[in-house]
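Trainee: I am attaching a structure below and will ask some questions about it afterwards.
The values are calculated or read from the model by the stated rules, or taken from the named source; none is laboratory data. This structure is a prediction, so every number in the text was calculated from the model and none was measured. No Cβ is skipped: glycine too gets one built from the backbone with ideal geometry, and neighbour counts run over all protein chains shown.
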Amino acid sequence: MSTVSKAARSLFLMAMLALSMVACGGTGGSGNQTIVIGATLPLTGSLAAVGVLLKAGYQAAVDDINAAGGLEVNGQKYHVNLIILDNTSDPNTASNQATTLYLQNNAVALLGPFTPPLVIPVSQVAERVKRPLISTTAPIEAWLSARPSGWQYSWDVFFDEKQQTSMSFQVANMVKTNKRVALFTDNEEDGVTMGKLWTEEAPQFGYTIAYRAIFPVGTTNFSSQIAAAKAANAEVLITQMTPPDAMALWKQMKALGYHPIVAESEKGSSTTTWMQALGNVGEGALIANFWSRSFTYPGSQELAARAEKAGIKATIEQAGYIMGYSITEVLFDAIKRAGSTDPDAINRAIGQTNKTYPVGPIHFGSNHADPVQAIMLQWQNGDTVQVYPPVSGVSLEAPAKGLA
Amino acid sequence: MLFYHLIDGFFLGGLYVTIALGLTLVFGVMNTVNLAQGEVLIGSAYLTYTLSSLTHLDPLLCLLLVAPIMFVIGYLVQRLLLNPLIPRGQETLLVATFGLLLVAETLFGLIYGNNTLSLSASYTLTGLNIFGDTVRTVYVIALVAALLLVVGTHLLLSYLPLGKAIRAAAEDPGAAASIGINVPLVYGITFGLAAAISAVGGTLIGLSFGFGPTTGSSWLLRSFTVIVLGGMGSLWGTLLGGLLIGVLEEVAASIVGPQFRDLIVFAFLVIVLIVRPEGFFGQRVGVAK
């Protein structure tokens, strides 16, 4: 009787131990059925509009892999548990949450937030804990400049600012202007980097920076800068600023009668909020992106249709969803290739990525960045359409309709 | 060119007066800094946005309803939440208004989402020619509103029985109570008035710029700068402070660049506080007249 009781007790204890291991998630030893991945995203605050798109993309990819029975690692299927935390668009919170996700939730890897002010602090956490992070929408030069010694565990998929800034002038070349540019950039990392590149690139395309404004994020009144841009007779306007600031600028330009022929609003016009807040005034604004409806990469159009079904209707927002989905697939493929949940093995496998995903081909360089091809979109009739490289049936509208 | 920047700044300053006046009134009467002032402004903008979307009326016309609603909200907050905390001291009131700030920010996000919104009206996209300078029409409206609000509040405090009661409660609450003035009621009305006045500032923010759940904090900072410069709790000081900050911002931005605008404004504030710690008009609303 006592032998039976001892055996039953041992069995019970083993069962409890096994259950607790499963319940804790974790990085998984061979008996673990769950893999935890995490993301700290701006779901509230000034950057929330894009944060929710990435969240939807990440979640869709995780739902798909779980619906297919889980992520296969070394012959065993793992359920993927995606933990997403809201960093309220605050870099300090993002940094703390990344630490929590890695060390308390035991995430094998993180998917990134976006924009350098959030991606850089989270990348630094990844380097500290030595676990991988795949991010997007952090312009590569700005991201690389934050760690001159080079990133070891952080990866970035986005366009290279040099190609993007060159494209601004290539697009401006599509119409006749006096080649005088008003350049407005804020003092965030990408604003600083992009501002410098636009200034350097302009002469190579025969353009002159006739007026340059640098200002802190949160600036609301632009009267004096607009007056200066008008006085400088700048027919090309290029801006890199947060959505609230950009919207304030556009309204004031309209009110103060500044009518640039070409008007680019990087970052500011990246979601439908742009048109909701500005109405027709937002029409004609240009913005660089990495995906448009003319792209036919495998799964691309199907994902766009799914996004539309989920209420993500504008092309530029579907791009965020598709990018989120694609980098999650990059991570899944890397875990499969690694054949284990060991962070170093996954990290090495991410570096070997060389495949075409719904957003396009992804292949990281030795600097851990994948410079995707930038394209130029323009807000036309409430949606974004690709105007560069040119596609059939679409032409660049100039002067910028909303400011005319 | 400098003359044009002076004009631009002068009219922009009118907007700053409308956002700071509510803070002035509360401080002048109750000697309390309402840390939720930014949320009062943004809450008003949201309310105007809702009404304007539902009725398709002009946002400024919606103020006829938004201001009374904000008055009732302000009155209830003071009577039900802040009045009971007064005996516990200023620190408790500060913490309470900070709590209100956090609650309001969360509520805005839950109700309206986190995207930037903006109020639409034709005059937000037009300018007026003033001495050869193009000034946004909405800034001109803001300056007119600021002058009307300052003069109106001054007349109310100086000549109406309610104003006299407010001044008495501001000067010495104990003495005011001893002569039969219901001080908690007066405080409630004052907070309500401040919220109603802020409804004008909030709506003008919505018309002039964009707003979201977290934008209130930056407007609190701007309001605070205005009232500290003008003299904490002084109506005329708020008028002067607002106009001065507007002019200083514009001129600083044009001369040294917009990236140094805040640096110049706050450096000027520090200098004024060293030379004249009480601000330009260092007399509170209740004590002023």
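Trainee: Taking B:Leu15, is it within 14 Å of chain A (Cβ to nearest Cβ) and touching a helix residue (DSSP H, G or I) at 6+ places or on another chain (Cβ under 6 Å)?
Mentor: On the way: within 14 Å of chain A (Cβ to nearest Cβ): yes; touching a helix residue (DSSP H, G or I) at 6+ places or on another chain (Cβ under 6 Å): yes.
Criteria met by B:Leu15.
Trainee: Still on this structure, please answer the following. Is it true that A:Asn81 is under 20 Å from A:Arg337 (Cα atoms), in the same structural domain as A:Ile327 (by TED's automatic domain parsing) and of a type in the set (S, T, N, Q)? Don't jump to the end; show me each part of the working.
Mentor: Values: under 20 Å from A:Arg337 (Cα atoms): yes; in the same structural domain as A:Ile327 (by TED's automatic domain parsing): yes; of a type in the set (S, T, N, Q): yes.
Against the criterion (under 20 Å from A:Arg337 (Cα atoms), in the same structural domain as A:Ile327 (by TED's automatic domain parsing) and of a type in the set (S, T, N, Q)), A:Asn81 qualifies.
Trainee: So which of B:Tyr187, B:Tyr139 is at pLDDT 90 or above, in a helix (DSSP H, G or I) and touching an Asp or Glu at 6+ places or on another chain (Cβ under 9 Å)? I'd like the intermediate steps shown before the answer.
Mentor: Working: B:Tyr187 fails: touching an Asp or Glu at 6+ places or on another chain (Cβ under 9 Å).
Of B:Tyr187, B:Tyr139, the one residue that is at pLDDT 90 or above, in a helix (DSSP H, G or I) and touching an Asp or Glu at 6+ places or on another chain (Cβ under 9 Å) is B:Tyr139.
Trainee: Suppose the filter is in contact with a Ser or Thr (Cβ under 8 Å, 6 or more places away or on another chain) and more than 10 Å from chain A (Cβ to nearest Cβ); does B:Ala145 pass it? Spell out how you get there, then give the answer.
Mentor: Numbers: in contact with a Ser or Thr (Cβ under 8 Å, 6 or more places away or on another chain): yes; more than 10 Å from chain A (Cβ to nearest Cβ): yes.
So B:Ala145 fits the description; yes.
Trainee: Among the residues of region B:225-271, which ones are surrounded by fewer than 18 Cβ atoms within 10 Å (Cβ to Cβ), more than 14 Å from every other protein chain (Cβ to nearest Cβ) and not aromatic (Phe, Trp, Tyr)?
Mentor: Those that are surrounded by fewer than 18 Cβ atoms within 10 Å (Cβ to Cβ), more than 14 Å from every other protein chain (Cβ to nearest Cβ) and not aromatic (Phe, Trp, Tyr): B:Ala267, B:Val270, B:Ile271.
Trainee: May I pose another question? Report, by residue number, each residue of region A:201-249 that is more than 8 Å from chain B (Cβ to nearest Cβ) and assigned to a strand (DSSP E or B).
Mentor: A:Thr208, A:Ile209, A:Ala210, A:Tyr211, A:Arg212, A:Val236, A:Leu237, A:Ile238, A:Thr239, A:Gln240 - these are the residues of region A:201-249 that are more than 8 Å from chain B (Cβ to nearest Cβ) and assigned to a strand (DSSP E or B).
Conditions (1) buried (at least 22 other Cβ atoms within 10 Å of the Cβ); (2) over 21 Å from B:Val183 (Cα atoms); (3) modelled with pLDDT of 95 or more; (4) among the acidic types (Asp, Glu), marked per residue:
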position: B:Phe3; (1), (2), (3), (4): no, yes, no, no
position: B:Thr18; (1), (2), (3), (4): yes, yes, yes, no
position: B:Thr24; (1), (2), (3), (4): yes, no, no, no
position: B:Asn31; (1), (2), (3), (4): no, no, no, no
position: B:Thr48; (1), (2), (3), (4): yes, yes, yes, no
position: B:Asp58; (1), (2), (3), (4): no, yes, yes, yes
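Trainee: Can you find even one residue in region A:118-127 that is assigned to a loop (DSSP other than H, G, I, E, B) and in contact (Cβ under 8 Å) with a residue 40 or more places away in the chain? Reasoning before the result, please.
Mentor: To start, the set of residues in region A:118-127 that are assigned to a loop (DSSP other than H, G, I, E, B) comprises none.
There is no residue in region A:118-127 that is assigned to a loop (DSSP other than H, G, I, E, B) and in contact (Cβ under 8 Å) with a residue 40 or more places away in the chain.
Trainee: Kindly establish whether A:Asn87 is crowded, with 17+ Cβ neighbours inside 10 Å and out of contact with any Gly (no Cβ under 7 Å at 6 or more places or on another chain).
Mentor: On the way: crowded, with 17+ Cβ neighbours inside 10 Å: yes; out of contact with any Gly (no Cβ under 7 Å at 6 or more places or on another chain): yes.
Here the answer is yes, as A:Asn87 does meet what is asked.
Trainee: Considering only region A:212-235, I want to know if a residue exists there that is of a type in the set (A, V, I, L, M), modelled with pLDDT of 90 or more and over 30 Å from B:Gly13 (Cα atoms).
Mentor: So far as region A:212-235 goes, no, none of its residues is of a type in the set (A, V, I, L, M), modelled with pLDDT of 90 or more and over 30 Å from B:Gly13 (Cα atoms).
Trainee: Check whether at least one residue in region A:259-266 is in a helix (DSSP H, G or I) and assigned by TED's automatic domain parsing to the domain that holds A:Lys179, and report yes or no. Show your work before the answer.
Mentor: Of all residues in region A:259-266, those in a helix (DSSP H, G or I) come to none.
No, region A:259-266 contains no residue that is in a helix (DSSP H, G or I) and assigned by TED's automatic domain parsing to the domain that holds A:Lys179.
Trainee: Filtering region A:172-195 down to residues that are charged (D, E, K, R), more than 10 Å from A:Ala234 (Cβ to Cβ) and touching a helix residue (DSSP H, G or I) at 6+ places or on another chain (Cβ under 9 Å), which residue is nearest to the other protein chains (Cβ to nearest Cβ)? Don't jump to the end; show me each part of the working.
Mentor: Pass one, region A:172-195, residues charged (D, E, K, R): A:176, A:179-180, A:186, A:188-190.
Next, only the ones that are more than 10 Å from A:Ala234 (Cβ to Cβ) stay: A:176, A:186, A:188-190.
Okay, now just the ones that are also touching a helix residue (DSSP H, G or I) at 6+ places or on another chain (Cβ under 9 Å), so A:186, A:188-190.
Working: A:Asp186: 9, A:Glu188: 12, A:Glu189: 15, A:Asp190: 16 Å.
Among those residues, the one meeting the criterion is A:Asp186.
Trainee: When region B:108-136 is examined, which residues are found to be assigned to a helix (DSSP H, G or I), under 30 Å from B:Leu25 (Cβ atoms) and within 7 Å of another protein chain (Cβ to nearest Cβ)? Outline the logic, then answer.
Mentor: Keep residues of region B:108-136 that are assigned to a helix (DSSP H, G or I), which gives B:108-112, B:122-125.
Pick out the ones that are also under 30 Å from B:Leu25 (Cβ atoms) and you get B:108-112, B:123-124.
Across region B:108-136, the qualifying residues are B:Gly109, B:Thr124.
Trainee: So is A:Met253 within 14 Å of another protein chain (Cβ to nearest Cβ), surrounded by fewer than 24 Cβ atoms within 10 Å (Cβ to Cβ) and either in contact with a helix residue (DSSP H, G or I) (Cβ under 6 Å, 6 or more places away or on another chain) or within 24 Å of A:Ser326 (Cβ to Cβ) (or both) or not?
Mentor: Working: within 14 Å of another protein chain (Cβ to nearest Cβ): yes; surrounded by fewer than 24 Cβ atoms within 10 Å (Cβ to Cβ): no; either in contact with a helix residue (DSSP H, G or I) (Cβ under 6 Å, 6 or more places away or on another chain) or within 24 Å of A:Ser326 (Cβ to Cβ) (or both): yes.
No.
Trainee: With (1) in a helix (DSSP H, G or I); (2) crowded, with 24+ Cβ neighbours inside 10 Å; (3) within 11 Å of chain B (Cβ to nearest Cβ) as the list, and A:Asn280 as the residue in question, which single condition is left unmet?
Mentor: Only one criterion is unmet by A:Asn280, namely (2).
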